[in-house]
Structure formats: structure tokens, C-alpha cells
1. Determine which lysines satisfy two conditions relative to LYS378: a Cα distance under 25 Å, and not lying fewer than 8 residues away in the same chain.
2. Once you place label points 7 Å from the Cα toward the Cβ at PHE399 and ASP66, how far apart are they in nm?
3. On a full-extension model of 0.36 nm per residue, what is the gain between MET157 and SER57, subtracting their alpha-carbon distance, rounded to one decimal in nm?
4. I need the calculated FRET efficiency for the pair LEU101 and GLN407, taking r as the beta carbon distance and R₀ as 41 Å, to the nearest 0.05.
5. Can you give the FRET efficiency to the nearest 0.05 for ILE147 and ILE19, using r as the Cβ-Cβ distance and R₀ = 30 Å?
6. Quick one: ranking PHE352, PHE92 by accessible area, 1.4 Å probe, largest first, what do you get?
7. With every protein chain left in place and a probe of 1.4 Å, what is the accessible surface of MET116, to the nearest 10 Å²?
8. Probe radius 1.4 Å, ligands and nucleic acids left out: which of LEU372, LEU383 has the largest accessible area, and how do the rest follow?
Amino acid sequence: MAQNQRPKSLLDSLGEEIIRILTPVSICMLLVVLLVSILNSSSSLSVTSSIATIAYSETGSDSSWDKFIGALLNSLVFVVVVTVATFILVLFFYLRCTKFLKIYMGFSSFVVLGFMGGEIALFLIEEFSVPVDCITFLVLLFNFAVIGVLAVFMSKMPIIVTQGYLVLIGMLVAYWFTLLPEWTTWVLLVAMALYDLAAVLLPVGPLRLLVELAMSRDEDIPALVYEARPVTHHDSASRPVQRRIWRERQNARLDSEDSSSLNSDLNSTVSIVQSSHNGARIARVEEGQVSERDAELSTPLIDRRMDAQDGMSTESLMLEGMGLGSSGAIKLGLGDFIFYSVLVGRAAMYDFMTVYACYLAIVAGLGITLVLLGLYQKALPALPVSIALGVLFYFLTRFLLEVFIVQCSLNLLMF
């Protein structure tokens, strides 16, 4: 019976995992598309001045080559700043300044929700002529931002509230990125995808160093990440159990302890949480008893002792559990949410058919990334495949639509 409750294959479990991580990503992209559609024609909106446009300010009179070179300079400056900031994050995490990092992340969340969210709320109030006084607006905005910070960084908040605020933070930041000049936006998307690839896969990549440091300490990285609720399979028997593990450096130790642990009681549980900062995943180990919330948010327990009727070896069970099994809790960094949404938001400024094509490309890229993650069982960046497919489908769709429109116009002139 226990055998029937397990996922029969990696692909069976991946379908459930993709749905659980695709739903919030889709909601974030939809909200950005709605904001772009509503506020794009507003005269109060203009191209924002930020670190992404510090090297070059695009104007309509510039040639395409000048815009391309300027966009490259802007993207280079932005990637350098992000790289330096990530290395500083690694340094603070190495020095065990975890409380400082949490305070900084909380302040950043407050700024996004309070200032960015407040300005967008003012645009919407002006667009729909909503009657509200200044004091009421400020009180509601302050409470909204404070509750958001508590929801993201306080462990006793319901998970649905935390997930909702994380999606809102990703949506707000993504919308402001869509206000960048067009050439800068597209070059920046490609540059960030390449940065994500290097930062996660290179031996000296900052995200890889951060993940390896967290794994060596069995700690979580204080970062803005979305946690998908894992799929739970309930076991009727109260048997000694152990959580699934997805960490290569633990495999050798677990295999060496297999023979002794089969004959002794296990007092420790190994908990796995797949997380990312722009796609990177981490794991942690907890000793002792597991609280109700930890049991809810992390992966369900599985029996390490194999019954004869299961017909599976410990090795095959571990291989099943190291991938993105149906009991794994996936964490996706908000950076992935943001740049996925920026792509479809920029597409929404052109045509909704292009939005649909870019959305399908991002979904396909995310699915491919999750499949590769389950097969290779190592940290992989979440941006490159989706961004590459999204950008490709965007320009192909625009080209095909323009060709179709020109062809229809010629046919009408002929008749």
C-alpha cells in the first residue's frame, strides 16, 4: 500500500510540482500585464531614472545602433552592481550576520510595498477616480506594508498570506522594470539570464558560493523566495520515518550509515527544502522533533526502513527522493518572478497575441528547467531557458504578425 502512495516516476511527480510553482508565476505575470494595460496610456507615467539607466538615457532621436550600445552599457552596469551586491551578501552570510540580512530584507520589502506600491496605488486611484482622503490612504498603506514585512519574515503567519505578499512584491518590482526604455529592457533581460547562468554554475559564482555555504552550515539563506506548498501523502502506519534529502554531499554519509540505521531507531529527521535566489536551491537538516508548521511546509516523512513488500532498495528510494518528487517543497526566487513578468509586461505594450506566445515560452522554459533539475539533481538557474525562449518567441511573433498585416494590406489593395 505504501508503494502505491509513492510517485511511480519522476515525470508523474513533476507535473504536480510544475502546477504548484506555475500558479503563482502566472498570477504575477497576469497582474503585471493588467497594470501595463491600465496604466501604460496614463500621462503621469514616464520612464524612471534608476541604476539600470545610469549609463545611458534613451531618446527617440537616437539611432538603433546608439540605443543598442547604450542598452549594453546600462545592462553591464546593472549586472556589475548586482554581482557586487551578491558578493557582499555572501560576505555577510559568511560572517554570520544573519540578523542584519533579515533586517535589510525586511526594510527592502517595506520600501517596495510602501513606496512603489503606494505610487502605483495613486496611479490607480487617479485612473479610476476613487474617492479617498490622504489620511485614510496613508494609514491603509502603512498597515499594508507592515503586515507584508511580518508575513514574509515572521514564521507564524499563514503560508497563504506569505505567498500572496511575495507575489505582490514581485509584481510591483516587475512593473517598475517595464517602465525602462525598450532596448534597455530587452538587453537587460538577456544579461540577467547570462548572469544567472554564471552565478549558479561557475565554481566562483556568487550564488553557488552562497548555496554551498548555506549547505555546509545547514542554514537557510535570508532572501525573498516563494515556497510552494508540497504535495502531501498521508501514511496510516506510525512507522519510523525520515524526510527526503536532495543534497549531494549528504549522499555518501547516508549510504555509509545505511547498514547501522536499518537496525536502530532514528531520532533525527532530515528535512529538504528546495530554494533559490534567482534559481539556486538549498537544503537544511533539522535534528530532533518536527513542529506542526515545519511538517506542513516541508516534505512529508518517508520510511527509511524498507519492507519486503515494497520491493524497492534504499538506493532507489533515495534516487526517487532526491529529484523534484511530489513531496518536495520547491522555492523559487523572486528574481525569477520579476524577470518573467517583465518579459510579458513588455510584450503587453505591443500585442496580446505576443503576450500569449511569451507566456507559453516561459512556461515551457520553466518546465524544462524543473525536468533538468530533477534529472541532474544539482542547483540550476531558473532564468536562462525561459528568458531565451521568451525573447525568441517575442520577436518571432512580432515579425510574423507584421508580415501577416502587410500581406493582408497588399491583398486588400489588389482587390
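1. Partners found: LYS8, LYS331.
2. Taking the two extended label points, one gets 2.7 nm.
3. That works out to 31.7 nm of additional length.
4. 0.15
5. The pair ILE147/ILE19 has a calculated efficiency of 0.60.
6. From most exposed to least exposed: PHE352, PHE92.
7. Roll a 1.4 Å probe over it and MET116 shows about 60 Å².
8. Accessible-area ranking of LEU372, LEU383, largest first: LEU372, LEU383.
The values are calculated or read from the model by the stated rules, or taken from the named source; none is laboratory data. Keep in mind that this is a model prediction, so the values were computed, not measured. We place every Cβ from the backbone using ideal geometry, glycine too, and count neighbours over all the protein chains shown. Side chains included, ligands, DNA and RNA excluded: accessible areas come from the protein's heavy atoms. Shrake-Rupley method; radii C 1.70, N 1.55, O 1.52, S 1.80 Å.
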